[in-house]
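The values are calculated or read from the model by the stated rules, or taken from the named source; none is laboratory data. Small disclaimer: the values here were computed from a predicted structure and weren't measured. Cβ atoms come from the backbone with ideal geometry, glycine included; neighbour counts cover every protein chain shown. Please note that ligands, DNA and RNA were not included when accessible areas were found on the heavy atoms of the full protein model with its side chains. Shrake-Rupley method; radii C 1.70, N 1.55, O 1.52, S 1.80 Å.
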Amino acid sequence: SLNGSYADSFSGFHPVGDGPPGGPQPHHPMPINSFGAMYEVGLYTFDGAGGFMARAVFNFSGGVLFGAGWDLNLPGTYTVNADGTGTMTLAGLHRSNFVIGAGGNELKYIGTDPDTGIITGGSMVKQ
């Protein structure tokens, strides 16, 4: 399980504009010009029982900042499998698959949202 605080950083892409008719299409590649850059840094505190709280700052394409005063607190849930793989969901919206490494001191993850079109990859290091 995960317990304690982890420093987090991810980068990726978010859809811009109207996107394809009907919204993002799961399992269909989209052209890179349909996306803008996104970055995040945060402190995730895991409770050891399937829940966490994230204090985070987000930067969308260099023009939109969320939580710049470290005032954005987002709840989440997670599950860990016996082999150290798992899934977490931030604020009920953003799902990621992860693997625990370095004896529980780090996580590597990718965003696996089927509906939002957001693409992320990042890592966490235990404080």
Report task. Alpha carbons only, please: Rg and Dmax for the chain, in angstrom. Result -> 14.9, 45
**Report entry** Unit charges at the beta carbon, dipole of the stretch 31-127: most positive-side option, 73, 119, 62
**Finding:** 62
Requested in this report: Can you tell me how much longer the chain between residue 87 and residue 115 gets when fully stretched, taken as 0.36 nm per residue apart minus their C-alpha distance, in nm with one decimal?
Outcome: 8.5 nm
Query - Carbon/sulfur fraction of accessible area - the stretch 66-116, other protein chains in place, 1.4 Å, % - result: 57 percent
Report summary line: With every protein chain kept in place and a 1.4 Å probe, the chain has an accessible area per residue in Å² of 55 Å²
**Report entry** Selected from 96, 11, 34 as most flexible by GNM, with the chain as the system and alpha-carbon contacts under 10 Å
**Finding:** 34
Query raised in the report: Which of 12, 111, 101 moves most in a GNM of the chain, Cα contacts under 10 Å?
Result: 101
Report summary line: Residue span residue 43 to residue 125: 0.36 nm per residue of separation minus Cα-Cα distance leaves a gain in nm of 28.6 nm
Report task. Given the options 64, 80, 99, state which has the largest fluctuation in a GNM of the chain using a 10 Å cut-off (strictly under) for Cα springs. Result -> 64
